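Read-outs: derived from the displayed coordinates by stated rules, not from any lab. Just so you know, these numbers come straight off a predicted model, no measurement behind them. Here the Cβ is made from the backbone with ideal geometry for all residues, glycine too, and neighbour counts use every protein chain on show.
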2 protein chains.
Amino acid sequence: MDRMTDSPAMSALLDRLLTWRRDVRHFRTDPVPEPLLDTLRAAMDKAPSVGNARPWRVLRVENPALRGQVQALFERCNRAARDSYDTPAAADYAQLKLAGIDRAPVQLAVFTETAPMEGRGLGRQTMPQTLEQSTAMAVHTLWLVARAQGLGLGMMSILDPAEMARLCRVPASWRFFSYLCIGFPEFEDDTPLLHRSGWQANTATRWDRC
Amino acid sequence: MDRMTDSPAMSALLDRLLTWRRDVRHFRTDPVPEPLLDTLRAAMDKAPSVGNARPWRVLRVENPALRGQVQALFERCNRAARDSYDTPAAADYAQLKLAGIDRAPVQLAVFTETAPMEGRGLGRQTMPQTLEQSTAMAVHTLWLVARAQGLGLGMMSILDPAEMARLCRVPASWRFFSYLCIGFPEFEDDTPLLHRSGWQANTATRWDRC
């Protein structure tokens, strides 16, 4: 592969990609072509990984019964979350569109292997959570590549992790990371839904000196 | 800002960027221009964040005494990690270049605010670790933007997190994430150092059905 020689073009495009990448909750139901999904899957191979351990484990949830169970679990967890807020925050919360499980054509359950052979333990003796950090970066890689291909991705965390492990029958060493919905978006936006809905405005990153 | 209309060009460039993004441990010592650092800092604002909480906290470590303390802490933790391996893995480990603290012109200590007001708790009742997932994606965003600008970034996790919090005098609610070294790289490579050194070969991501 060519070396990177066009840094200005790269920077400009990346900035646009980051600006238009969004957590998508509104999906069209038409299927995503398999070759495009292969591209997404392969992109995860290029994610950074502490110790090169690549501990992310991805299950493609196709079974309608299992999808239904995940949806039911989300509804239960989401109700509990809503009930934990006082009025009027609970009413605000109830207005949010937090899932796209009902429509997204592609759904992935992502886990972290907490005891991988790969990597030989490097970099996780002081910080075991580096494994989950790697999974997060692999999911973010997938997110950006999906967006560049015109797809939307929504990441769902309002799910009981132990229950997700049970539903997906994963090994005991796998820890639930998140549930990803993927499909063509119904609309595009450069402002997060949670900002637009008034739940939480954007804040700026500072780099304080120390 | 223009909408994303040039998806094929975007995809090709992103693939090249992901391929050439590396964890860099060999830095040139010339300084990074401040406007370029502003670009990197601003890019983190575009990272995904559960609940739009943006819990990453970044400290720019400039003080030479503090840099020395971090370097000493790394050497202590790295020695302990090396000693945990049997021969010949311990010898393999000792050959690895795991830090660039001695030379990198820009050094950032990254933490996660575990009790942010922003986001109003959304998405972390079932999974408190979503905050650290967000920090990981913000660091990955920074990594890609740095690479697109010709800079290299190395992420260091072989540091005792409690000791890092003490050295940087952060609030009790901040949890150490990683230490980032940034600068112009001495060389470019499309293969991870840990693969090239024989520590851990690359493995492919599978999406099994369930």
A student applying the Cα gyration tensor rule (rounded when a/c is under 1.5; otherwise prolate if a/b is larger than b/c, oblate if not) would label the protein assembly as shown rounded
Provide the net charge surrounding residue A:186, with neighbours chosen by a C-beta distance below 10 Å and charges set as Lys +1, Arg +1, Asp -1, Glu -1. +2
Please find the FRET efficiency linking residue A:169 to residue A:28, where r is the Cβ-Cβ separation and R0 is fixed at 30 Å, and quote it to the nearest 0.05. 0.50
Relative contact order for chain A: what percent, with Cα pairs under 8 Å and sequence separation of 6 or more? 36
With r defined as the distance between the Cβ atoms of residue B:91 and residue B:125 and R0 fixed at 56 Å, what FRET efficiency is calculated, to the nearest 0.05? 0.75
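What does the charge count around residue A:28 come to, taking other residues whose C-beta lies under 11 Å from its C-beta (Lys +1, Arg +1, Asp -1, Glu -1)?
-1
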In nm to one decimal, list the spacings between the residue B:89 label point and its equivalents in the other copies, with label points set 7 Å along Cα to Cβ, shortest first. 4.5
Whose Cβ in chain A comes nearest the axis that rotates A onto B, and by how many Å? A:136, 2
Which aspartates and glutamates have a Cα less than 17 Å from the Cα of residue B:46, not counting those fewer than 8 places away in the same chain? A:15, A:23, A:188, A:189, A:190, B:2, B:38, B:118, B:132
State whether region B:101-210 is rounded, prolate or oblate according to the following rule on the C-alpha gyration tensor (a ≥ b ≥ c being the square roots of its eigenvalues): a/c under 1.5 gives rounded; otherwise a/b larger than b/c gives prolate, and the remaining case gives oblate. oblate
At 7 angstrom along the Cα-to-beta-carbon line, where would the label on residue B:195 sit relative to the other copies? Give the distances in nm, shortest first. 3.5
About the Cα centre of region A:6-96, how large is the charge dipole given +1 on each Lys and Arg Cβ and -1 on each Asp and Glu Cβ? Please answer in debye to the nearest 20. 180
Please work out the C-alpha center-to-center distance from region A:139-210 to region B:22-46 and express it in whole Å. 25
Given R₀ = 30 Å, what would the calculated FRET efficiency be for residue A:67 paired with residue B:189, taking r from the Cβ atoms and rounding to 0.05? 0.10
Nearest-first distances (nm) between copies at residue A:114, label 7 Å from Cα via Cβ: 1.6
